[in-house]
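The values are calculated or read from the model by the stated rules, or taken from the named source; none is laboratory data. Computed from a prediction, not measured in an experiment: that's the story for all the values here. We place every Cβ from the backbone using ideal geometry, glycine too, and count neighbours over all the protein chains shown. These accessible areas exclude ligands, DNA and RNA; they are computed on the full protein's heavy atoms, side chains included. Shrake-Rupley method; radii C 1.70, N 1.55, O 1.52, S 1.80 Å.
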Amino acid sequence: MLIERLSIEGAWVVTPRQHADDRGVFFEWFKQPVFAEANGHSLSLAQANCSVSSAGTLRGIHFADVPPGQAKYVMCTSGRVLDVVVDIRVGSPTFGQWTSVELDTVHRRAVYLSEGLGHGFVAVEDASTVIYLCSTAYNPAHEREINPFDTDLAIDWGVTAEQASLSDKDSAAPGLLAARDAGLLPDYATCRDYRIALDNPPRNDGSASARA
């Protein structure tokens, strides 16, 4: 299993080692010790989601208030999707930037994004099935959206706004700068401090761990 950082801090792409024979293929799509070594802390699993989408369906851009936010570990088990991570953390050196990874059943990559990052994907093929592990349970009171076709982001989804199938909620979502001005976006320093706390959990005696 190979875990590599993406261009946005707090996001990684995971490429598993696949073992194929005449029976099929076996691979480990998530392994806590390897993940924790790369990320700095274990993934606390609170919820597992699965979505099945027809070609052209676009889900996102979604994020949650920090703290606690919602980290996600995302993989495509059928079909093919373009997965997009957006830095929406106000004050981040890469604020407003995005990166994408194609998730499919050939390379079987996964994407991990930490708390405070925006996430979305578009299905390239019919019946594209995406599963994702989440660090916190869904809480509608703290869930937010940004319009995926915001011109300030200029994300290349491979489909136009007219071609894509979006939920009413995503279609009506504000753009990045409007969401910033409304105070809806996570703060970079807050997200960073939250991650540091996860990397250095308190000991039983209440003191911080000595982890470097």
TODO: Scale the Cα Rg of the range 9-51 by the rule-of-thumb value 2.2 N^0.38 Å and send over the ratio, two decimals.
DONE: 1.45
Task: Note, ³J(HN,Hα) from phi for the range 31-37, Karplus 6.51, -1.76, 1.60, rounded to Hz, x at Gly and Pro - done: 9, 4, x, 5, 4, 5, 5
TODO: Quantify, in whole percent, the carbon and sulfur part of the accessible surface of the chain (1.4 Å probe; protein heavy atoms only).
DONE: 50
Task: Selection from G24, S171, P201 lying farthest towards where the dipole of the chain points positive, charges on Cβ - done: P201
TODO: Could you pull out the longest piece of the chain with no exposed loop trypsin sites (Lys or Arg not before Pro) in it, calling a site exposed if DSSP puts it outside H, G, I, E, B and it has at most 15 other Cβ atoms within 10 Å?
DONE: 32-202
TODO: Distance between Cα centroids, the range 154-182 to the range 10-75: provide it in whole Å.
DONE: 23
TODO: Within the set of other residues whose C-beta is less than 15 Å from the C-beta of L177, count the net charge using Lys and Arg as +1 and Asp and Glu as -1.
DONE: -2
Task: Semi-axes of the equivalent ellipsoid for the chain, Cα gyration tensor, largest first, Å - done: 26, 25, 14
Task: Fluctuation leader among T77, T151, T136 - the chain, Gaussian network, Cα springs under 10 angstrom - done: T151
- [ ] Set the Förster distance to 45 Å, then compute FRET efficiency between Q97 and F26 from the Cβ-Cβ distance, nearest 0.05.
- [x] 0.80
